[in-house]
Amino acid sequence: MTFATIEEVGRRADIPVAMLWHMAAADGFDGMGPSRREANRAIKALRDEALPLFAAADDQAGELRPEALDPASCLHR
């Protein structure tokens with residue numbers, strides 16, 4: 001199995017970000033192409049937990065929270 005990016009390694013192999021840091025420190029991504037410094041930069045953008053993209057819409061009652069509603073806009077000339 002080959003991986004194109006460090007993000008893909010972490011996601012598809014289910015490797016925590018902390019372990020990716022250790023792998024980069026040991027030049028574990030050298031065969032993929034990035035240097036240790038480039039690998040560290042790529043890992044900085046990764047997170048173990050998913051971002052709450054739809055948290056405002058996840059109300060228990062099935063209704064949108066107020067912060068998810070856009071105020072009515074009125075365009076005038």
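Here are some notes:
- 3J(HN,Hα) along the stretch 30-41: 4, x, 7, x, x, 6, 4, 5, 5, 5, 4, 5 Hz, from the Karplus curve 6.51 cos²θ - 1.76 cosθ + 1.60 with θ = phi - 60°, whole Hz, x for Gly and Pro.
- Under 17 Å from a label point set 7 Å out along the Cα-to-Cβ vector of Asp30, the amide N atoms of the stretch 1-23 belong to 21-23.
- Contour excess over end-to-end distance, with Cα ends at Trp21 and Thr5 and 0.36 nm allotted per residue: 4.3 nm
- Centre-to-centre separation between the Cα atoms of the stretch 1-21 and those of the stretch 28-45: 11 Å.
All of the numbers you see were taken from the coordinates with simple rules; none came from a lab. Remember, it's a predicted structure, so these values are computed and weren't measured experimentally. Note: ideal-geometry Cβ built from the backbone for every residue, glycine included; neighbour counts use all protein chains shown.
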